[in-house]
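The structure under discussion appears below in the form of C-alpha cells.
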Protein chains: 2
Amino acid sequence: MKHPTSIDDSALLARCLELACESASSGGGPFSALVVKEGEIIAEACNSVTRDRDPTAHAEVAVIRKACQILDDHQLTGCTIYASCEPCPMCLGAIYWARADKVIFAASREQASKAGFDDSLVYREVNIPGPERQIPFYHLALSNAEAPFQQWQEFSERHCY
Amino acid sequence: MKHPTSIDDSALLARCLELACESASSGGGPFSALVVKEGEIIAEACNSVTRDRDPTAHAEVAVIRKACQILDDHQLTGCTIYASCEPCPMCLGAIYWARADKVIFAASREQASKAGFDDSLVYREVNIPGPERQIPFYHLALSNAEAPFQQWQEFSERHCY
C-alpha cells in the first residue's frame, strides 16, 4: 500500500527538514514535526530534549502538546503529522492518544540509527516480557490495584459521561 | 524472574494508588506515578490528559518531566518509577529515553483494559507495518532526509561532544 503523495506532502516535509536542520545547527536535536489541519500548519516543533532537560521533548510529542493547546482540544482528529524522521514508540503512542489521522515522515528509523539515534532498541523492548527488559518492569499485584478505576467509574456515572 | 519485593515497594505503590484514587475522584485520569531515588520520592504526578488538554500527559510522562526539572538532568539514572498501572508504549518509550533503572507497577494492562483503558491496541500497532496501521504512517523518501543528521554531526564535532 503506497501513499498517494502530493506536492503539499513534499513541501511540508521539506519544511520539516529545514526546521530540523536549523535546530541541529543551533545545538538542538536534529528532529522536527508539524501538525497540519485542512492544509494549514497549526504548530511546528523541534526536539529539545537536552536544551529543556526533558527526555519526552521529542518533536512529535512537543508538536502534539502545542497543537492541542492551540486547538483547545485533547485530540487531533482531522490532523496530519509530518515528521522529519520516523516516530519512535513513545511518539507513536502519543500520536495514537492524540488520534491524528495519519503520519508522513522523511528519514526512516534505519537512517536515524546510522546517525546514532537508535530507536530500534525501544521497538524491540516493547515486545519483551517486563521483567526481562533492559529496564525491567515488575508487576506487584496489590489487592486494591483496581480501586482508581472504580473511583473513576463512580465519578463518571455521577457526572453523566 | 520475580522481583524481590520489599515493604518499601508496597508502600510506594500504595501511595500511587492513593494518588490515582484522589485524581479519579476529582475528575482527573485514574493513574499516577512516582519517581524515587535512593528511597526518596523526587516527584509525583497524575494523568491530566483531559484537564490539561494534553494527550501526552499520562502520569509517567508527567512525572518524568517533573523529576528531570527537579534534578536538572535530562536522564533519571538511579531512579525507580512506581506506577499505579502498567505503562503504555508511549510511557515505556519515555522511561527508556529517561534511562530510569526499573519500573514497578500495580494494575496490569489487562485490568486497565477491563476498566475501558485499552493500551493493547497501541501495543499491537507498534508491530504493524506503517501504512497498514489504523493511523497509517507513510515514508516519503526525500533525497535530503539525512541533512539534519549531518548538521547535527557537524555541530557536535565543532563543540567536541
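Only the coordinates and a few stated rules stand behind these numbers; no lab work does. This one's a predicted model, so the numbers in the text were calculated from it and none came from an experiment. All Cβ positions, even for glycine, are placed from backbone atoms using ideal geometry, and neighbour counts span all protein chains on display.
Results, tabulated for the structure shown:
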quantity: Candidate set from the stretch A:80-108 (those that are small (Gly, Ala, Ser) and within 22 Å of A:SER23 (Cα to Cα)); member that is farthest from the other protein chains (Cβ to nearest Cβ); calculated: A:ALA83
quantity: Output for the stretch B:116-136, where each listed residue is surrounded by 14 or more Cβ atoms within 10 Å (Cβ to Cβ), part of a loop (DSSP other than H, G, I, E, B) and in contact with a helix residue (DSSP H, G or I) (Cβ under 7 Å, 6 or more places away or on another chain); calculated: B:ASP119, B:VAL126, B:ARG133, B:ILE135, B:PRO136
quantity: Given (1) within 16 Å of A:GLU44 (Cα to Cα); (2) more than 7 Å from chain B (Cβ to nearest Cβ); (3) in contact with a Pro (Cβ under 7 Å, 6 or more places away or on another chain), number of the condition A:HIS58 does not satisfy; calculated: (3)
quantity: Count - residues of the stretch A:113-156 that are touching a His at 6+ places or on another chain (Cβ under 7 Å) and β-branched (Val, Ile, Thr); calculated: 0
quantity: Pairs, first within 19 Å of B:CYS88 (Cα to Cα) in the stretch B:47-73, second in a helix (DSSP H, G or I) and of a type in the set (Val, Ile, Thr), C-beta under 7 Å, six or more apart; calculated: B:PRO55/A:ILE64; B:THR56/A:VAL61; B:THR56/A:ILE64; B:GLU60/B:ILE95
quantity: Output for the stretch B:137-156, where each listed residue is under 28 Å from the mean Cα position of the chain (by Cα), in a helix (DSSP H, G or I) and of a type in the set (A, V, I, L, M, F, W, C); calculated: B:PHE149, B:TRP152
quantity: Among (1) in contact with a Gly (Cβ under 8 Å, 6 or more places away or on another chain); (2) within 7 Å of chain A (Cβ to nearest Cβ) - the single one B:SER23 does not satisfy; calculated: (2)
